[in-house]
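First up is the structure itself, then whatever we jot down about it.
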Amino acid sequence: MSAQPTILVVDDERELADLYAMWVGEDYEVVTAYDGSTALERMSDAIDIVLLDRHMPDITGDRVLEEIRATGYDCWVLMVTAVDPGLDIVELDIDDYLTKPVTRTQLTRIIENLRVQSRYGDDNRRELESISNKMETLEDEASIEELTDTEAYRRLESDLKEMSDSLVEGLDDE
């Protein structure tokens, strides 16, 4: 990432998108889009982080995410949405998931965490962090007992263990 990363803020609620842009605008370059179509038009290799609303009228955030990944953009994607997370987030290629309302502190802390990871992490660590974030998000919504009864959550647990073991092996080899 460059010294001052570029963040694409995507939300169909203009006031909210502008608020997020203002919150992060002091420390980052900001590009704003008020719908999915505009987000895809403004997406480029210069974008380091995408703050993406999930529920938008023209193109959903899930679809925007699919297009971003299909096009090969290597950016962090933080889903910021009023949609309560369900097990479907297991399949989303996101780095973190925040449920609105979001505070300035929450948003800036997560963005800063992503920046730190990008400086010191590799793809395996990024995937490990993504899995861990999804599990944490789901655990905030449901009990562990309910979650462990689901195939999707058990797959996350398995993936987390596999990734952790792989990273430990990599450290042992150094």
Check: Can you work out the FRET efficiency for the pair residue 15 and residue 150, with r the C-beta to C-beta distance and R0 = 25 Å, to the nearest 0.05?
Finding: 0.10
Check: Dimensions of region 39-100 along principal axes (Cα, Å, largest first)?
Finding: 30, 23, 18
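Run the helix sum for the chain: -39,500 (n - 2.57) per DSSP H stretch of 4+ residues, divided by residue count, reported at 222 nm to the nearest 500 deg cm²/dmol. Can you show the working numbers first?
On the way: 7 runs with 94 residues, N = 174.
The helix-only estimate for the chain comes to -17500 deg cm²/dmol at 222 nm.
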Notebook entry, point to check: Put a dot 7 Å past each Cα toward the Cβ at residue 166 and residue 88; how far apart are the dots in nm?
Noted result: 2.7
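Under 8 Å for C-alpha pairs, at least 6 residues apart: give me the relative contact order for the chain, rounded to a whole percent. Can you show the working numbers first?
Numbers: 236 pairs, mean separation 29.2, N = 174.
Taking the mean separation of contacting Cα pairs over the length of the chain, I get 17 percent.
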Notebook entry, point to check: Distance in nm between label sites at residue 142 and residue 44, each 7 Å beyond Cα in the beta-carbon direction?
Noted result: 4.2
Checklist line | region 98-107 - phi-based ³J(HN,Hα) in whole Hz, Karplus 6.51/-1.76/1.60, Gly and Pro as x | finding: 10, 9, 5, x, 10, 8, 4, 4, 4, 5
Next item on the list: Could you list which residues have their amide H under 5 Å from that of residue 58, counting only those 5 or more apart in sequence or on another chain, with H placed in the peptide plane?
Entry: 36
Check: Once phi is turned into ³J(HN,Hα) by the Karplus curve 6.51 cos²θ - 1.76 cosθ + 1.60 with θ = phi - 60°, what whole-Hz value does each residue of region 128-142 show in order, with x for glycine and proline?
Finding: 4, 5, 4, 4, 4, 5, 4, 4, 4, 4, 5, 5, 6, 9, 9
Notebook entry, point to check: Which order do 73, 28 fall in if you start with the one that has the fewest other Cβ atoms within 10 Å?
Noted result: 73, 28
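Using the Kirkwood radius built from alpha carbon pairs, what does the Stokes-Einstein equation give as D for the chain at 10 °C and 1.306 mPa s, in µm² per second?
D, rounded to a whole number, is 95 µm²/s.
Every number in this text was worked out from the coordinates using simple rules, so none of it is lab data. All values reported here derive from a predicted model rather than from experimental measurement. A quick note on method: Cβ atoms are made from the backbone with ideal geometry, for glycine too, and the neighbour counts reach across all protein chains shown.
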